Every structure is written in structure tokens, then in C-alpha cells.
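So the structure is just underneath, and the comments pick up after that.
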Amino acid sequence: MEFTRKNRQLLSRIATNDRHGENSPYFDGWKAYDSSPFHPIHNPDGVIQMGLAENPLSFDLIEKWIRENPDASICTAEGLDKFKHIAIYQDYHGLREFREAVAKFMGRVGGNRVTFDPNRIVMSGGATGANETVIFCLADPGDAFLVPSPYYAGFARDLRWRTGVEIVPVHCKSSNNFRITRAALEEAYEKAQRSNINIKGVIITNPSNPLGTVLDKETLRSIVSFITDKNIHLVSDEIYAATVFSSPRFISVAEVMQDMDCNRDLIHIVYSLSKDMGFPGFRVGIVYSFNDDVTNCARKMSSFGLVSSQTQFLLASMLSDDEFVGNFLRESSKRLAKRHHVFTKGLEEVGISTIKSNAGLFFWMDMRQLLKEQTTKAETELWRVIINKVKLNVSPGSSFQCSEPGWFRVCFANMDDKTVEVALDRIREFVLQGKEETKLEADKSQAQAQRWRKQNLRLSFSSSRLYDESLMSPHMISPHSPIPHSPLVRART
């Protein structure tokens, strides 16, 4: 302990502060998985990773495309002639072909209802780097952003750790499926104002992480209207845009603002290929701002987190293949829908419900009925049982700043079909065992209550007899009774 304290004194406050959020159950679950990862043969009793939003379900399509297009990589014999042009320093604007391909892909994901400008595409090291870059551009240490909850657990790290910015949760409720309302935004904003907190903007995820739902046009218009009235920024994190697998469709904030009287300079989009294409290892993050100054500032900052030029080269070719992209998006949607159905149907069979969702790589599971009491402490206790006994890494709602205990995020796309069955079997066994224990406890309590009632009846009956015999019996009130007479009786005799 002393050694650690001394070493912390040698490091910066930014490096050693606790704003990273690493001590939350969200990251603790990852550590539990890392210490004993599930393997069907080598570690069948290990922890199954259901806390990681990865999307490898359509990797076979990508692998097929790579085999058929070897010249798209500078690391193959077919693409080697491009090596010396790609391996050298590149302008931090990014390869023109890459920016054009990403802008076109973003438009296609939104149904081609919006045309994105390649000159506004700014690269970053994944969505993590993109979100932090936007915050650095928009706010100073001590400023704050309103973020509707439940929200992505990693925002504590991405938005706060190095920037010094604060998050003010906008608490949404399960009674309306955690919908973002103007009233909730106003309440959080006014409360922050009373506390002298300088609100610089609102941050939303659409589709939602962790809910797996899309924002409708009415809600988006309400949010844009709110930030326009307050003259604050809106950052729309749209990294799950192409994971929508059923209606309603995804609507980008870029589409909504087209027919609204709003300040475009206040609106910014964060995008990535980590979820939609399943490429988190490629670290492709995008900042797209309608504000020229933000675009220029973000581009200068992107020097600290550029996408490698060979990755840009490969993806420029892949995303420019219209036939491949169309087939990939259709097939990915089908596979996500199928996997989502298998999981949620399996949970329904044992009485576990989820928020109705149609996007993302996860769903929002309702475990409130299994809590001993409706508190965050009880939720944490249940989570520890699930992670340590059931051996499933699901993430508790408190990690996402959910105001209602008992909700859990479950990722469903990052495993094969056989692991899905193992995970569902574990959940079924756990829930059924819990219901059986609850029934036994209920039966025990009922039996105790019945015994108590019988004892009460006996006591009551005995007391009644004593009362009748002592006060109502003619013998006991006879003048010949050995019990002393009352003064009134003595006076009359």
C-alpha cells in the first residue's frame, strides 16, 4: 500500500484519478471473465462473456470478400505494389477514398435520406477516441453534459477521465420504456442550473446502448428543439446504426434536422465501424460535425488517434463495393434478429422479460422479480451470484446509471450457437431454482402463519372460558363463594 501511494505521487493527477470508472461492476465482470473464460472443452465451468458488445456473426461474409479481393490489402502479393504509397506518412485528413467510402456508408445505413460530406469526416481511434475528441472540442474541465440514463457504462471513462468534464444523468423510467422526454431534460437542466453546473450539451446514443431501441422522429425533434432553445450542443452517438434488425427503422439526427429551424453548428455525430461491421480491433472512429470550427479542431486533435493507413486502404475498397455492402447489411440484420429471438424467447420460457428492442448487440433484461428488495444493494448482490455462481458476465443496471434496480444488459452477438445454449441453460436453471426456493420460503411462511393462527385461536378460546367461568358462573357469584365479596355485596348483607 505504501509503495503504491509513493508511486502515485510520482505520476500525474490525470493518470491516477479514479474517474476512469474501472471499479464498477461493468469492468469487474470483464475481470471475472478474464480470470476464468468459458471454453466448451478446456473450461466448461468458466464464465461466459455476455458483457461485451461484439458483432462477429457475419465475419464469414467479410472473410469471403477478402479472399476474393486480395488486392485490397497491401500485405498480399496482389496489393504489394501499393505498399510504398500507403506505408509512408499520410495527411491526417485521411485517405480521400476512405473518407468518401465512409460518408457513403453512413448515408446508406440511414436509408440514403442524408448525404454526408466526405470533407467533414474526421478520423479517431474508435468511438472512444471520437467521443473524447468531441468533448475536448466543446467543453472545459468542470463543464457538464446531460446524458439520458440508462447510458453506456464506458461514458464515465470516455467523456470524463481526461477531459475533466462531468456527466449529469437525465433519469428516464421503465413506465414508458425509458423514453427521453422534454420534461426529463428540463428537470435535469434546471437542477444543474440551481447547482451552478454549466451545461454544455446533451449526449444521446441512437440506437440506445444499453436498451437496444431506436429513437423515433418525434423524440429526436424534441431533443433538437431543446438544445436549440438552450443554445447548447447535441452529440449523437450513432455507432449501432446498422444493427437495426426490425422496424422501426433507424433515423439519424442528420435526417431530422434537415426540416427543422435549428442551429446546425450545435449538432455533432459520432460514428464507428466497431459495431456495424464488427471491427473494434480496427479502431475506426468518426467525428462528423456540422460546425466548421469543431471539424477543424477535431482534425487537429486526430493526430493523437489516427486510423492506420493500411486499414483505411482496405476499408475504402470494401465499403465502396456496393453489392457487398448491400448483401452484408441485409444478412447481418437477419442474423442479429435470429440471435435476438433465440435469447429473448428462451428467457420468456422461464418468465424473464426484456424491453422490446430492435437494434444493438444486446437487450435490457428485467430481473426485478429476483431481487430480495428493490435497492441497488440487492441488485449488486444478485449480480454477484450471477457472475460467481451462474458464471455469466451480465452487466447490472447500476453500471449504466439506471435509476431503477433490477435491470441488466445482456450481450447476445459475441458467441457461437453452442455457447448460446449453454448460457440459456444456466439462466433457466438459475431462475427455476430461484423460483423453487421462493416457493419453499413461501410455503414455510404460510405454514408458520397457520401455526400462529391455531395457537392464537387456542389462546383465545382458553381466555374466553376463563372469563366465562370466573365472571358469569352462578357458583362464582354466590354469597357462599370463598372469594371475598365486593364492598357492595357486604353492605347489602
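Each value in this text was obtained by applying a stated rule to the coordinates, not by laboratory testing. Note that the structure is predicted; figures quoted are calculated from it, not measured. All Cβ positions, glycine included, derive from the backbone under ideal geometry; neighbour counts span all protein chains shown.
What the table below lists for this structure:
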{"quantity": "Candidates per trypsin sites (Lys or Arg not before Pro) in segment 367-424, loop by DSSP, up to 11 other Cβ within 10 Å", "calculated": "K372"}
{"quantity": "Compactness of segment 72-326, expressed as Rg and Dmax over alpha-carbon positions, Å", "calculated": "18.4, 65"}
{"quantity": "Local electrostatic count at D265 - Lys and Arg +1, Asp and Glu -1, tallied over other residues with Cβ under 13 Å", "calculated": "0"}
{"quantity": "Highest average packing first - 320-329, 115-124, Cβ atoms within 10 Å", "calculated": "115-124, 320-329"}
{"quantity": "Debye equation applied to the C-alpha atoms of segment 26-181, log10 I(q)/I(0) at 0.10, 0.20, 0.21 Å⁻¹", "calculated": "-0.67, -1.28, -1.29"}
{"quantity": "Difference of contour (0.36 nm per residue) and Cα-Cα distance, T181 to D91", "calculated": "28.1 nm"}
{"quantity": "Whole-angstrom Cα spans of segment 202-303 along principal axes, big to small", "calculated": "38, 37, 20"}
{"quantity": "Dipole of the chain, positive direction: furthest Cα of M277, M367, S333, with charges on the beta-carbon", "calculated": "M367"}
{"quantity": "Radius of gyration and Dmax over the Cα atoms of segment 95-146, both given in Å", "calculated": "13.8, 39"}
{"quantity": "Square roots of 5 times each gyration tensor eigenvalue, C-alpha, the chain, largest first, Å", "calculated": "60, 28, 22"}
{"quantity": "Total charge dipole magnitude, segment 265-368, about the Cα centre, Cβ charges on Lys, Arg, Asp, Glu only, Debye to nearest 20", "calculated": "400"}
{"quantity": "Potential extension, D229-R13 segment - 0.36 nm per residue separation minus Cα distance", "calculated": "74.1 nm"}
{"quantity": "Phi to ³J(HN,Hα) by Karplus 6.51 cos²θ - 1.76 cosθ + 1.60 over segment 76-84, Hz, x for Gly, Pro", "calculated": "10, 4, 5, x, 5, 5, 8, 3, 5"}
{"quantity": "Label-point separation, T115 to S195 (7 Å along Cα→Cβ), nm", "calculated": "4.5"}
{"quantity": "Computed [θ] at 222 nm, helices only, for the chain once each DSSP H run of length n ≥ 4 contributes -39500 (n - 2.57)", "calculated": "-13500 deg cm²/dmol"}
